[in-house]
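The values are calculated or read from the model by the stated rules, or taken from the named source; none is laboratory data. Everything numeric in this text was worked out from a predicted model, so none of it was measured. Neighbour counts run over all protein chains shown; Cβ positions are idealised from the backbone, glycine included.
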Amino acid sequence: MLKLYQHRDHEHVLRVELTELMATINVLRAASRKYRFLDELFVCVLRNKMKRSANQAAYAVTASLSSITSKEASLVGKSLVGLLMSNQTGSAAVEEFILTYPALTELDAEYVWFRPMMVAIADELMGKVAYGVKVRAAIGAALSIMDMVSDSVVIIDYYATDRSGYATLLVGMVLGNLFFQVLLVYGQTRGIGTSRLRTFFLDSLAVVSFVKPGLDAWRVSSGQEQLPGAAFDPLAEMMVSKFLEVAFEGIPGMVVQCIAFVESEKKSKMAILSLLISAGSTGMTSTVITFDLDIDPTKRKNNPKWMGLIPNVNRGLAFGNLFVISTTHILAKGIITALLAITNSAWLMLFMACDYGLYIAYKVVRSDLSYFIAMPATVAVPFSIVMRVLEKSVVDFTGCFSYRLPVFVGGAWFAFDLAKAQVSVLVVAHLYNDA
């Protein structure tokens with residue numbers, strides 16, 4: 001059926017070829033005779049034409065399998081292209097496609113071949129459509145480059161205005177993130193066979209040129225498989241990379257910029273813009289981690305109790321809401337951290353020591369300190385403490401919902417952390433005004 005894509009711009013030819021194909025395959029012939037709308041559904045799926053009005057009308061289709069019309073099937077088929085744009089993988093797009101429409105849910109339950117065939121079509125379309133997979137890759141690369149450019153401008157400004165301490169800290173954080181990203185590339189490629197050095201060099205080049213987020217997004221969206229000998233599959237590698245970016249550059253860099261901004265007598269527009277870009281970049285990273293992990297069909301099947309935060313329909317709206325929540329959360333957390341540091345740095349150090357100490361004690365009491373990655377006992381404890389501190393920092397500053405899972409901070413502590421963050425805004429604002 002995938003060969004019919006070449007006729008997408010010639011609807012009549014596509015219909016004729018599809019009819020002939022379905023007549024030659026037993027399962028398709030039997031299904032099309034029973035459900036006359038299937039031909040129309042597959043034609044519109046294969047044409048893959050983006051029409052906003054059709055997408056909006058499709059969400060109103062609630063007909064069952066026995067009552068859906070060819071006109072409604074046409075609207076449903078045309079809506080797949082929008083789902084390919086809002087999901088990271090073909091399987092995730094098909095999952096939303098099937099669960100959005102009752103008729104397709106029933107069809108999936110009746111025919112075991114329907115979902116695998118749709119996933120194969122979706123994967124192929126994501127590789128061919130110019131505005132599908134490439135949009136996510138371009139956004140990832142663009143945000144990373146924008147963040148780098150804005151940070152560079154701010155660093156130059158700090159040096160020019162005798163605030164070299166802040167500039168040095170930002171440079172150190174950027175270099176620290178690059179170091180750990182290259183270290184991740186080494187760990188990912190060290191077990192690969194003959195192409196190990198070439199892959200390591202190209203991926204490291206992507207890291208230092210700040211386009212690795214876009215490359216990771218492209219690999220996941222295009223459905224690339226885990227290379228033989230590689231430490232992670234593409235999705236896991238992207239998640240680890242984003243975690244390192246947030247923990248070693250996004251959060252500390254945001255705090256430094258907030259302190260410099262609050263202390264500065266002149267609030268320049270460039271400083272405000274850089275602050276917003278940094279918050280948006282970190283917020284996008286947090287959103288992608290939550291969104292892509294949650295909508296992955298395999299993870300939803302294996303962990304139905306914890307996966308399913310993102311609804312089965314209108315996922316684009318859910319993505320936007322997550323982005324706004326995360327971005328505003330990191331802005332609020334960064335500003336109150338800066339206000340407390342300026343009011344009394346000793347208070348900030350005491351609060352952080354108590355906060356992180358309480359979390360580590362909480363994990364120890366629950367016999368949950370050791371991280372879930374297998375390693376020798378001699379390094380397990382120090383490694384686990386470092387990872388627990390980093391994951392708590394990510395939750396504190398971004399509110400990343402993926403870290404509510406039991407293997408990370410857990411639901412109870414996640415809820416406590418979010419409540420504490422909201423209360424601390426009011427408390428720190430009061431302390432700053434009284435100082």
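With respect to the conditions (1) modelled with pLDDT under 85; (2) within 14 Å of the chain's Cα centre (by Cα), Asn312 falls short on a single one, namely (2). Val409 falls short on exactly one of the conditions (1) within 26 Å of the chain's Cα centre (by Cα); (2) surrounded by 20 or more Cβ atoms within 10 Å (Cβ to Cβ); (3) outside any loop (DSSP other than H, G, I, E, B); (4) touching a residue at least 24 places away in the same chain (Cβ under 8 Å), and that condition is (3). For beta carbons closer than 7 Å, sequence separation of 6+ or different chains, a first residue in region 337-357 that is assigned by TED's automatic domain parsing to the domain that holds Phe397 and a second that is small (Gly, Ala, Ser) and assigned to a loop (DSSP other than H, G, I, E, B), the qualifying pairs are Thr343/Ala435. Listed by first and then second residue, the pairs with beta-carbon distance under 7 Å, at least 6 apart or on different chains, first residue in region 295-310 and more than 17 Å from Leu83 (Cα to Cα), second in a loop (DSSP other than H, G, I, E, B) and modelled with pLDDT of 85 or more, are Lys299/Met307; Arg300/Met307; Arg300/Gly308; Trp306/Leu405. Within region 143-153, is even one residue over 20 Å from Ala247 (Cα atoms), in the same structural domain as Phe319 (by TED's automatic domain parsing), assigned to a helix (DSSP H, G or I) and at pLDDT 85 or above? Yes; the residues of region 143-153 include at least one that is over 20 Å from Ala247 (Cα atoms), in the same structural domain as Phe319 (by TED's automatic domain parsing), assigned to a helix (DSSP H, G or I) and at pLDDT 85 or above. For region 208-233, the set of residues classified as touching a residue at least 24 places away in the same chain (Cβ under 8 Å) and of a type in the set (Ser, Thr, Tyr) consists of Ser221, Ser222, listed by residue number. Looking only at residues of region 179-224 that are within 18 Å of the chain's Cα centre (by Cα) and not in a helix (DSSP H, G or I), we find that the one that is farthest from Leu293 (Cα to Cα) is Phe210. When Trp347 is tested against the conditions (1) modelled with pLDDT of 85 or more; (2) in a loop (DSSP other than H, G, I, E, B), the lone failure is (2). Can you find a residue in region 378-400 that is modelled with pLDDT under 90, surrounded by fewer than 17 Cβ atoms within 10 Å (Cβ to Cβ) and outside any helix (DSSP H, G or I)? Within region 378-400, none of the residues are modelled with pLDDT under 90, surrounded by fewer than 17 Cβ atoms within 10 Å (Cβ to Cβ) and outside any helix (DSSP H, G or I). Filtered by the rule that a residue be more than 30 Å from Ile121 (Cα to Cα) and surrounded by 14 or more Cβ atoms within 10 Å (Cβ to Cβ), region 207-228 gives Val207, Phe210. Taking the numbered list (1) crowded, with 22+ Cβ neighbours inside 10 Å; (2) free of Cβ contacts under 8 Å to residues at least 60 places away in the same chain in turn, Ala236 passes all entries but (1). Based on this model, can you work out whether Gly411 counts as out of contact with any Asp or Glu (no Cβ under 7 Å at 6 or more places or on another chain) and on the phi > 0 side of the Ramachandran plot? In short, no.
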